Structures are given as C-alpha cells and as structure tokens.
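Here is the structure we will look at, set down as structure tokens.
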Ligand SMILES: CC(C)(COP(=O)(O)OP(=O)(O)OC[C@H]1O[C@@H](n2cnc3c(N)ncnc32)[C@H](O)[C@@H]1OP(=O)(O)O)[C@@H](O)C(=O)NCCC(=O)NCCS
C-alpha cells in the first residue's frame with residue numbers, strides 16, 4: 001500500500017469524471033454483477049468513454065446529485081490524487097421504474113438480451129428506494145448512488161469520509177439516508193450508522209435469464225440524528 005497523507009473530500013469537476021470512472025472500474029473489478037451490466041465493458045477504453053459520457057450527462061442534468069471525490073497527496077505532497085468517488089442524491093421523487101426513461105438504452109445495451117436483462121434488474125433495483133422516498137412524505141431521502149475507492153488506497157478512511165459527507169447532510173436536513181450496498185461495503189456502512197433493511201434485494205428476472213449472475217445487494221437505511 002502506498003504511503004499517503006490525509007484524505008480530503010471535495011466536489012468532482014466534469015473534467016475529472018474520466019479519472020473517477022477509472023477508479024470505479026478498478027474498485028468494483030468484476031465482483032459486482034450490477035456494475036458489470038450497468039456499465040458495459042467498464043474496464044475497456046470504449047466502455048470507459050461511454051461510462052464517462054453517461055456520468056457527465058447525469059452530473060449536468062441532476063441538480064439534486066452531488067458528485068464527490070476523495071483525494072490525497074502522494075509521497076512528495078505535491079500532486080493531488082483522486083482515490084475515491086461517490087454520488088449522493090437528494091431524491092424527492094421515485095426514479096422511473098422503466099430504464100428507457102432515464103437512459104439511451106439502445107445505445108448503451110445494443111444487444112437485445114442484455115438490454116432486457118438490465119431493464120428487468122433496474123425495475124426491481126429501484127423498488128426499495130422508491131418505497132423509502134414514498135414513506136418520507138414528500139421530504140425526500142439521501143441516496144448514495146455510487147461509491148468506489150481505488151483498490152490501492154482502500155482502508156485509509158476515504159470510503160468512510162465519502163459516506164459521512166452524505167449522512168451529515170441527511171442529519172442537517174432531518175432526512176433518511178439509504179444505499180443499495182454491496183456485501184464488501186457492509187461493515188463500512190454499519191460503522192456509519194446504516195442498517196440492513198433488506199438482507200438480499202430481490203431480482204425477479206425470469207427463467208430466460210436464470211443463468212446470468214444476479215446482483216447481491218443489501219438495502220440499508222439510516223435514520224437522521226439530531
Ligand atoms: C467499500 C469501499 C468503498 C470501502 O472503501 P475504503 O476507503 O476502503 O473504506 P474505509 O477505509 O473508510 O473503511 C472503513 C471500514 O470499512 C470496513 N472495510 C472496508 N473495506 C473492507 C474490506 N475489504 N473487508 C472488510 N471490511 C472492510 C472496515 O471495518 C473499515 O474500517 P478499518 O479499516 O478501520 O477496519 C471499497 O472497498 C470499494 O470501493 N469497494 C468496491 C466497490 C464497492 O463495493 N462499493 C460500494 C458500492 S455500494
């Protein structure tokens with residue numbers, strides 16, 4: 001593990017999105033089926049270009065989303081390194097259950113079966129967060145939509161700092177925080193006060209996709225603290 005100085009959290013710029021996307025790709029590797037299908041070929045130059053383009057559109061069109069970077073300085077203290085990345089969104093309305101309403105599905109998933117599989121995953125993926133938004137009675141909830149820390153810089157507190165940026169905001173506004181968490185991130189979320197509400201989210205993709213890897217995600221929530 002490289003020796004590093006302290007970790008800072010600050011807004012990510014549009015120009016930094018390609019670096020953040022690489023951090024995302026490296027950190028998830030191929031351990032997370034949802035990321036593999038949501039960001040096709042995310043470890044290739046074309047997949048990274050497309051993923052970065054989608055993140056840029058998202059960042060520029062969703063005022064309620066905050067794109068954050070975790071940075072540190074190298075051994076010489078001169079160069080800022082982006083080691084982590086997160087997106088927190090204050091959601092007051094449930095996201096569309098139909099993926100085609102938020103993504104250019106033909107372009108991102110040109111293969112029809114991939115497109116159908118992703119569309120089915122998506123409609124199940126948004127159910128718990130939509131329920132949380134509905135239960136908030138119009139106040140909304142803070143959703144941690146993405147979190148990734150570069151493998152060479154994990155266990156240094158960057159993940160915690162990115163999570164706590166959002167839980168602090170949620171506390172200030174008296175809102176619930178939620179995340180569809182990977183098993184690897186569970187400990188971190190628990191340390192930050194999130195609790196498993198759904199131990200394993202349901203994905204009913206149908207028999208024709210029985211052989212595909214399904215996401216293993218835990219739906220976690222945290223009540224605001226005073
Ligand atoms: C989950 C992830 C973001 C954690 O980032 P991080 O910067 O290493 O997190 P922190 O250093 O703040 O770790 C906080 C605590 O979480 C737990 N933790 C973190 N990584 C862990 C791991 N690989 N195994 C077990 N526990 C882990 C530990 O309790 C750790 O505290 P400690 O180091 O004092 O023991 C990072 O492992 C990652 O990017 N994973 C792949 C992508 C992913 O799954 N993202 C979450 C999407 S929902």
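Protection proxy ranking, highest mean first, for peptides 117-123, 19-25: 19-25, 117-123, where packing is the per-residue count of other beta-carbon atoms within 10 Å, averaged.
Separation of the stretch 1-56 and the stretch 202-222, taken as the distance between their Cα centroids, equals 22 angstrom.
Using the average count of surrounding beta-carbon atoms within 10 Å as a protection proxy, the listed peptides 126-137, 143-154, 60-71 rank, highest first, as 143-154, 60-71, 126-137.
Among 212-222, 186-196, 93-103, what's the highest-first ranking by average C-beta atoms within 10 angstrom per residue?
Numbers: 212-222: 19.5, 186-196: 16.7, 93-103: 14.7.
The most tightly packed comes first, giving 212-222, 186-196, 93-103.
Each part gets one Cα centre, and for the stretch 119-151 versus the stretch 67-109 those centres are 14 Å apart. Rounded if a/c is under 1.5, else prolate if a/b is larger than b/c, else oblate: which is the chain, with a ≥ b ≥ c the root eigenvalues of its Cα gyration tensor? In terms of gyration-tensor shape, oblate.
Across the chain, the relative contact order, built from alpha-carbon pairs under 8 Å that are at least six residues apart, equals 22 percent.
Readers should treat all values here as calculations from the given coordinates under stated rules, not as data from a laboratory. As the structure is a computational prediction, the values presented were derived from the model and not from experiment. All Cβ positions, even for glycine, are placed from backbone atoms using ideal geometry, and neighbour counts span all protein chains on display.
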